[in-house]
Amino acid sequence: MKDYNLKKMYDMQQYQEIIRLFNTFQEEKTDELKLYTGFVFTKMGMATKAIECLTSINQKQFYQYIGKIYRYLGVSNYLLGKYDMAQSLFDLGTEKNDKESDLWNKLLFPPLDDIRETKNFIFHFVDKISAVDKKLFILKSIKAFARISEFIGELNLCKKIDIYIYSQRQDSIGNSLSYSDNGLKVIHTYLHDVKGHEIAHILFNSIYKNMNRNKFIDEGIATFFDDENTFIEFIRKYKSALPNLDVVQVWNDTNLILENVKGIYYYAGAFVGYLIKTYGKHKFIEFIQNENYDNAQSLFGDSLDFTIQNFYNEIV
Ligand SMILES: [Zn+2]
């Protein structure tokens, strides 16, 4: 066990390797191994296991990490829907001078004007919003959830989706809105942004435990499912907004150079709609476990080039 530099492995993000060690050393797991495995489990959203690891160690010996331990326990408890527990843990982390614990606290537990709960959501109304707007927001969210989950089929969400609603374009710690945290299943949204975009991010990212995500496809999915559209309807609406791009180039653009091209999200949405139209729902859902171009090539074979050519014809 002494031969492994766990800190280095963790810093180099060798998470699977750490889990493998954790599973190998059955009896003689050291506290250090439990600590780093607990961090890894937290990052992977495996909340119950993370809590098991991080609470079974003598935390005092890791005094330099104590704030981080509280913060990770806070995140894991939040993921299990144990909100009070999460908040106290973020408080403890803050007391130990962990700045990120303080940020989580401000972001997830801001003073609220109102809170509402439905079957699949908890709505945290941060700013004061009129009763009519609140009702409309809740109804639209429920409708989008129903529409998207019907497309996906079976869903296994570990908790309700927490939506924080603001009347300005900034969350409680200054991030610009709107965005989703797929790991925590949390959405922070500007009141008037609501439709399906962020809900689609959360639901599609809950299908598989491990996914290889790709920005072009991921945003394409969220944009296509923002509203109820077929591919034809989507094209009719946004044709004039579509830039002239090379699909393979934007798909492989891991440096996100093209991220600021005007209309890129609509372009991605159109392409995702066309993939669904061409290959059908089941094949599409199979594909998104690994959203990269290389995977699409091996899954769809030679037909992919043909599909991309046809897509160009459809959007001109
Ligand atoms: Zn998005």
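The values are calculated or read from the model by the stated rules, or taken from the named source; none is laboratory data. None of these values were measured; they are calculated from a predicted model. Glycine gets a Cβ as well: all are built from the backbone with ideal geometry, and neighbour counts include every protein chain shown.
Quick notes on this one:
- Only listed residue being among the acidic types (Asp, Glu) and touching a strand residue (DSSP E or B) at 6+ places or on another chain (Cβ under 7 Å), chosen from 181, 171: 171
- Scanning the stretch 158-188 for residues that are within 16 Å of the ligand (Cβ to nearest atom) and among the basic types (Lys, Arg) yields 169, 185.
- Across the stretch 165-189, the number of residues qualifying as touching a residue at least 12 places away in the same chain (Cβ under 8 Å) and under 15 Å from the mean Cα position of the chain (by Cα) comes to 12.
Each row is one residue, and each column tells you yes or no for (1) of a type outside the set (Asp, Glu); (2) without any contact (Cβ under 8 Å) to a residue 24 or more places away in the chain.
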residue	(1), (2)
72	yes, no
80	yes, no
86	yes, yes
93	yes, no
97	yes, no
110	yes, no
114	no, yes
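- Across the stretch 212-237, the number of residues qualifying as touching a residue at least 24 places away in the same chain (Cβ under 8 Å) and closer than 21 Å to residue 143 by Cβ comes to 12.
- Scanning the stretch 189-233 for residues that are under 26 Å from residue 130 (Cβ atoms) and near the ligand (Cβ under 10 Å from one of its atoms) returns 197, 198, 226.
- Qualifying residue in the stretch 10-24 (condition: modelled with pLDDT of 95 or more and among the hydroxyl-bearing types (Ser, Thr, Tyr)): no
- Matching residues, the stretch 190-204, being under 17 Å from residue 149 (Cα atoms) and without any contact (Cβ under 8 Å) to a residue 24 or more places away in the chain: 201
One line per residue, one yes/no per condition, for (1) acidic (Asp, Glu); (2) buried (at least 16 other Cβ atoms within 10 Å of the Cβ); (3) in contact with a Cys (Cβ under 9 Å, 6 or more places away or on another chain):
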{"residue": "62", "(1), (2), (3)": "no, no, no"}
{"residue": "68", "(1), (2), (3)": "no, yes, no"}
{"residue": "93", "(1), (2), (3)": "no, yes, no"}
{"residue": "98", "(1), (2), (3)": "yes, yes, no"}
{"residue": "107", "(1), (2), (3)": "no, yes, no"}
{"residue": "116", "(1), (2), (3)": "no, no, no"}
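- Scope the stretch 249-268; condition part of a helix (DSSP H, G or I), away from the ligand (no atom under 13 Å from the Cβ) and surrounded by 13 or more Cβ atoms within 10 Å (Cβ to Cβ); matching residues: 250, 251, 258, 267
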